[in-house]
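Participant: One structure, pasted below without further comment.
The values are calculated or read from the model by the stated rules, or taken from the named source; none is laboratory data. Model, not experiment: these values are computed from the prediction. FYI the Cβ positions are ideal-geometry reconstructions off the backbone, even for glycines, and counts take in every protein chain you see.
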Amino acid sequence: MTKWRHIAESIETLEGLALQDDLVAELERRRSRLSSPQPGIHFYTPTFKSFQTSEIKGCGRNAWPAISITGSDCKLQCDHCKAKILEPMTAARTPEQLWTAVEGLVAGGAQGMLLTGGSNHRNEVEYDPYYPVVRRVKDTWPSFKIAVHTALVDTGAAQRMEDAGIDVAMMDVIGAQETITQVYHLKRPVADFERTLETLVATKMKVVPHIVIGLHYGRLLGERNALEIIRRHQPDALVLVVVMPMYATPKRPFITPDPHEVGRFFLEVRETLPDIPLLLGCARPPGAAKTIIDTYAIMAGLNGMAHPSDGMVELAARLGRPVRVTPACCSIAVGEEVMALETEDKSLTLDIQTILKQEQQRRRLKGIQVVSEGTGGCCGT
């Protein structure tokens, strides 16, 4: 048994977890080859849905809400989503409703928002009528951060986003034509996704693409091509999510992606993009598969994780990774937690010493070093 496997086995909530020994050994060898210290890891506590583990409590206030300009409507009706991710979001179907919604958010203490919406048949979200309101919001509250799920855009659309004051642009990068055609029901080539990324990177906005692992009905198909596209254009960060089969219909079912294959992809991503922050978004299959995926993400050196499984704080600490917690909403598949890239100083104090004391009392654990940073707040002590 490798050292890392032994560490994982010694954590009560991870005991008996079905990890692959050869993959754990490969992840450990990669770490041993690096001369740099272990990178810290941010755990993003979602405010978009209820969240709590024995180690971290979720943030009670809605600091990073999501607003959809189409409500729950989407023309594409992709097989993995069927617009379900839009349903719990705040609907603002007119520019006036968007302004009213933002006024309420600011009054309630929100620090930023995700602006999104359903796509038309060309995988475009029709934001143009809303840009004057976005500009007004940024002029009125300059510190209020706005992330946008862009879908596919051309140069003109990207420039209008930048001019409106958008802080962060996010998009899914799909690397397989079969997935675009069959899952997205979309008549656009892979080249359009790369062109959109290239166009966004040329602006002053922070650009954070997403790769949905297992997007082709639970199988990995275009992910490695998507990774190569991202490598060519070097965005500010990358969010990885894993498809959740719960939204699929019986006619087009998804399987749960193999968590070990997901873990190997994490290793490939980390080696391909050694200097780009990698974040694991909220969307992952539930249960044991999520815990395995999260464990591999910690071992692979991902920089951030939303909605961590029980045991991840202790695992990161025992592997020598400083831990920090930031309140950032996770809108299921959209990865709103990337907004924390702009607000690292907002990291909250985590009552990690109490957690470790309890663990030490139970199992007499010693030598765990955890760094807590921040100014306190709703998730703090």
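Participant: Within segment 247-267, how many residues are of a type in the set (D, E, K, R) and in contact with a Leu (Cβ under 7 Å, 6 or more places away or on another chain)?
Facilitator: Qualifying residue count, segment 247-267: 2.
Every residue, every condition in (1) modelled with pLDDT of 95 or more; (2) out of contact with any His (no Cβ under 7 Å at 6 or more places or on another chain); (3) crowded, with 19+ Cβ neighbours inside 10 Å; (4) small (Gly, Ala, Ser), yes or no:
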site	(1), (2), (3), (4)
Ala191	yes, yes, no, yes
Val208	no, yes, yes, no
Glu223	yes, yes, yes, no
Lys251	no, yes, no, no
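Participant: Sticking with this structure for a sec: Does segment 46-53 include one or more residues that are among the polar types (S, T, N, Q) and at pLDDT 50 or above? Explain how you work it out, then say what you get.
Facilitator: Here is the first cut: in segment 46-53, the ones among the polar types (S, T, N, Q) are 47, 50, 52-53.
Add one more test, that the residue is at pLDDT 50 or above, and what stays is none.
No; the residues of segment 46-53 include none that is among the polar types (S, T, N, Q) and at pLDDT 50 or above.
Participant: Under 7 Å by Cβ, and 6 or more places apart or on different chains, what pairs join a residue from segment 157-168 that is surrounded by fewer than 22 Cβ atoms within 10 Å (Cβ to Cβ) with one that is acidic (Asp, Glu)?
Facilitator: That search, which allows pairs on different chains as well, returns Arg160/Asp128; Asp167/Glu342.
Participant: Given the conditions (1) within 24 Å of Lys82 (Cβ to Cβ); (2) surrounded by fewer than 21 Cβ atoms within 10 Å (Cβ to Cβ); (3) in contact with a helix residue (DSSP H, G or I) (Cβ under 7 Å, 6 or more places away or on another chain), and given that Asp258 satisfies all but one, which numbered condition is not satisfied?
Facilitator: Asp258 satisfies all of (1) within 24 Å of Lys82 (Cβ to Cβ); (2) surrounded by fewer than 21 Cβ atoms within 10 Å (Cβ to Cβ); (3) in contact with a helix residue (DSSP H, G or I) (Cβ under 7 Å, 6 or more places away or on another chain) except (3).
Participant: For segment 6-17, does any single residue satisfy the condition of being exposed (fewer than 12 other Cβ atoms within 10 Å of the Cβ) and touching a residue at least 12 places away in the same chain (Cβ under 8 Å)? Steps first, please.
Facilitator: Within segment 6-17, the subset exposed (fewer than 12 other Cβ atoms within 10 Å of the Cβ) is 6, 15-16.
After this cut, where a residue has to be touching a residue at least 12 places away in the same chain (Cβ under 8 Å) as well, the list is none.
Looking through segment 6-17, none of the residues is exposed (fewer than 12 other Cβ atoms within 10 Å of the Cβ) and touching a residue at least 12 places away in the same chain (Cβ under 8 Å).
Participant: Looking at Pro95, Pro88, can you tell me which residue is in contact with a helix residue (DSSP H, G or I) (Cβ under 7 Å, 6 or more places away or on another chain), surrounded by fewer than 22 Cβ atoms within 10 Å (Cβ to Cβ) and of a type outside the set (Gly, Ala, Ser)? If you could, list the steps in order and put the result at the bottom.
Facilitator: On the way: Pro88 fails: in contact with a helix residue (DSSP H, G or I) (Cβ under 7 Å, 6 or more places away or on another chain).
Just a single option satisfies the conditions, and that option is Pro95.
Participant: Restricting to segment 238-287, name every residue that is closer than 14 Å to Leu302 by Cβ, part of a helix (DSSP H, G or I), more than 14 Å from the chain's Cα centre (by Cα) and of a type in the set (A, V, I, L, M, F, W, C).
Facilitator: Passing the criteria: Val262, Phe265, Leu267, Val269.
Participant: If you scan segment 142-152, which residues turn out to be surrounded by 24 or more Cβ atoms within 10 Å (Cβ to Cβ) and part of a loop (DSSP other than H, G, I, E, B)?
Facilitator: Matches in segment 142-152: Thr150 only.
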